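In what follows, a single structure is set out as structure tokens and then discussed.
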Amino acid sequence: MSNSDVHRRRLKATPRGVGVMCDFYAVKAENATVWDQNGREYIDFAAGIAVLNTGHRHPKVMAAVQQQLDCFTHTPFQVIPYENYIHLAERLNQRVPISGEVKTSFFSSGAEAVENAVKIARAATGRPGIIAFTGAFHGRTHMTMSLTGKVVPYKTGFGPFAGSVFHALYPNALHNVSVHQALESLEAIFRSDISPQQVAAIIFEPVQGEGGFYIAPPAFVSALRALCDRHGILLIADEIQSGFARTGKLFATEYYDVQPDLITMAKSLAGGFPLSAVSGRAEVMDAPEPGGLGGTYAGSPPAIAAAHAVLDIIDEEQLCARANQLGEQLSATLRSAGCASLAEVRGYGSMVAAEFQDDAGRPSAEITKAIQLQALAQGLILLTCGVHSNVIRFLYPLTIPQPQFDKALQLLKDILREH
């Protein structure tokens, strides 16, 4: 069946609220390559929206999942527990950048992880308030949509939103938001909306994902930590998109000299299988009463098995170093392309973004979309992001073969020269 045949069926069977970027339908994928209904080959620089740092169908992930399927497919951990869940929690407890005793709980999606981090923070502090940032993306559920700092398309028509949620400015030098202004916006919230003694947690992304891959300045993160310590507020680092070697470290938080109290993770944790987690200081994680955390599919056995394989692959294939190497090549290519519309290249490791502006220096979603569509027409899948939709983010598998990566970079360079 052709792509056009399936497209007609999609329009009839699924709602328009599920936006779809590509006009083709996947039938097979391997590492950084996807094939469609017509047998056409694409280089995947989206990787399932940062889910596939270890690539499509990595042999070690597939073998681990098959071994688990030969044992059992499902039992809720809170009914009949299994050792592999505990073992993965132990491994993450040792590796998340939080000192002292750490505990971990598993869930299914990134939004679930954030929801549960909020629940844990409220239980631990006895406070209702949560502060997030402009440009943030934390999910599509009611609470996480409330935390998200971008209206279109995530919040349009879905209000009212959860109470006791406030947004401060996220520092952004390109768009003239200084660290001082961002911190002052927090103080303004304390003056105008909620006292710091009623705030349970501040949640931030060390590198914003959907918001545009903006990096939190070290001075800002240090100031957040100091502010939280001063007022008894918990600091939550959302590492759902930035985790598991994407930034050149296992977690982006490792770039800073201070630590969060809680970390949320998902996406590339399980190599394409639905799994998320919250790790944090043991005394904070233990705040909810027994039964307060969990879920029918929370910590699904096949996904847990996949996550063990992912951690092994990251170490064995040195994917943190690989992320840095590929990111340097990509950044150099972007900067040397001679693209007049390119306003900035930024990122840690392979969490790289290119931001585009028009001749007047204004954010240009039109130029960005044109580049994305040209790439797609030539077999390269790219994703856009940013509050103004004027950023291309690069999320290729870190396992991509070098010749294929070089081919993609040349294709990208040729396209950018036209803009």
Taking only the alpha carbons of the chain, the radius of gyration and the largest Cα-Cα distance, Dmax, both in angstrom, are 21.1, 62
In the neighbourhood of residue 400 defined by beta carbon distances under 12 Å, the net charge of the other residues (Lys, Arg +1; Asp, Glu -1) is -2
Largest first and rounded to whole Å, the semi-axes √(5λ) derived from the alpha carbon gyration tensor of the stretch 13-93 read 32, 17, 14
A student applying the Cα gyration tensor rule (rounded when a/c is under 1.5; otherwise prolate if a/b is larger than b/c, oblate if not) would label the stretch 273-325 oblate
Total charge of the residues flanking residue 222 in space, meaning their Cβ is under 13 Å from its Cβ, with Lys and Arg +1 and Asp and Glu -1, is 0
With the dipole of the chain defined by +1 on each Lys or Arg Cβ and -1 on each Asp or Glu Cβ, the option from 145, 280, 159 whose Cα lies farthest towards the positive pole is 159
What helix-only [θ] at 222 nm does the chain give? Using -39500 (n - 2.57) per DSSP H run of at least 4, over all residues, to the nearest 500, the answer is -11500 deg cm²/dmol
So the carbon and sulfur contribution to the accessible area of the chain, 1.4 Å probe, in percent, is 53
The chain: longest segment with zero exposed trypsin sites (Lys or Arg not before Pro), where exposed means DSSP loop plus at most 16 other C-beta atoms within 10 Å, is residues 156-416
Taking 0.36 nm per residue of separation between residue 75 and residue 317 and subtracting their Cα-Cα distance, the length gained on full extension comes to 83.9 nm
proj_area_mean for the stretch 310-419 (convex hull on C-alpha atoms), units nm², value 6.8
For the chain, the per residue accessible area (1.4 Å probe, Å²) is 41
Rounded to whole angstrom, the alpha-carbon centroid of the stretch 43-57 lies from that of the stretch 172-236 at a distance of 30
Dividing the mean separation of Cα pairs under 8 Å (6+ apart) by the residue count of the stretch 265-419 yields a relative contact order in percent of 18
In the stretch 348-419, the GluC sites (Glu not before Pro) that sit in a DSSP loop and have at most 16 other Cβ atoms within 10 Å of their own Cβ are 418
Restricting to Cα pairs under 8 Å and 6 or more apart, the percent relative contact order of the chain works out to 22
The local net charge around residue 36, scoring Lys/Arg +1 and Asp/Glu -1 for residues other than residue 36 whose Cβ lies under 12 Å from its Cβ, equals -1
Where a ≥ b ≥ c are root eigenvalues of the Cα gyration tensor, a/c under 1.5 meaning rounded, otherwise prolate if a/b exceeds b/c and oblate otherwise, the stretch 249-367 counts as prolate
Computed over the stretch 14-64, the relative contact order (Cα-Cα under 8 Å, seq sep at least six) in percent reads 28
In debye to the nearest 20, the charge dipole size for the stretch 1-124, taken about the Cα centre with +1 at each Lys and Arg Cβ and -1 at each Asp and Glu Cβ, equals 360
Low-density loop GluC sites (Glu not before Pro), the stretch 44-123, at most 16 other Cβ within 10 Å, DSSP non-H/G/I/E/B, are 101
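The values are calculated or read from the model by the stated rules, or taken from the named source; none is laboratory data. Just so you know, these numbers come straight off a predicted model, no measurement behind them. So basically every Cβ, Gly included, is an ideal-geometry build from the backbone, and we count neighbours across all protein chains shown. All accessible areas refer to the heavy atoms of the entire protein, side chains included, with ligands and DNA or RNA removed. Shrake-Rupley method; radii C 1.70, N 1.55, O 1.52, S 1.80 Å.
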